[in-house]
Amino acid sequence: MSAGAGFSSYTWSTGATTQSINVAQTGTYSVVVSNSFGCTDLDAATVFVNPAPVLDLGPDTIVYEPNSYVLDAGTGFNQTYLWSDGSTSQTLTVSEDGTYNVTVTSASGCTSTDEVTVNFQPNAVNEPTLAGQLGLFPNPTSGWVNLAFSEFEAGAYSVGVYDVTGRLSLSQNMDIQAAATTTKLDLNAFSKGAYFVKVTSEKGVLVRRVVVQ
């Protein structure tokens, strides 16, 4: 909202003293302006702020082939959809690795955009999920990332870092004997983006997402 140029002072109902203000909530806003002669004037306007559509495609995910994966932008907005492939349905079925995004436009013209990375793992079919907890920190990271293992069974494990195309970018072996174990991965040479950390043993796999920024 702008009260116009040429005045010596501005006093808005928000307390601001600038020529213009940005508002994000529905309400009535007023401003008192003064010129160099001390004359004042008052004006007010009511602003209606239409909320943007609530949009959440969910977290980046790994899908075990040969399954496809359905992305759902949600209903109830009386809205239009535009996916990164040009389609305009509420849902998008994908079967290839990649990052997919959708822009939703409401009836009032407000928009929201979200994206999700989907990675298909052809060699992980029917592999059980490992018991135990795995934390990654810091995440996002700009280099080193710590892997904190807890409640894992003692034994030998392999750790692999995969990009969104499923290409193995880093691997190392480790032996877990303590109830709580921490190790580090050096991601300093990695390009910015999303990756998947896959921990594997003869008893199954566990996958977590890490972002390099």
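For the reader, a short list of remarks on this structure follows.
- Projecting the alpha carbon convex hull of segment 133-212 along each direction and taking the average yields 4.7 nm².
- Distance from the C-alpha centroid of segment 124-188 to that of segment 29-57: 52 Å, rounded to the whole angstrom.
- Put in order of Cβ neighbour count within 10 Å, fewest first, the listed residues Cys39, Cys110 become Cys39, Cys110.
- Cβ-to-Cβ counts within 10 Å put Asp186, Asp97 in ascending order as Asp186, Asp97, the fewest first.
- By the count of neighbouring beta-carbon atoms within 10 Å, fewest first, Lys198, Lys203 end up ordered Lys203, Lys198.
- Kirkwood-based shape ratio for the chain, expressed as Rg/Rh from alpha carbons: 1.21
Every read-out reported here was derived from the displayed coordinates using simple, explicitly stated rules and does not represent laboratory data. Small disclaimer: the values here were computed from a predicted structure and weren't measured. Counting neighbours? That spans all protein chains shown, and the Cβs are built from the backbone with ideal geometry, glycine included.
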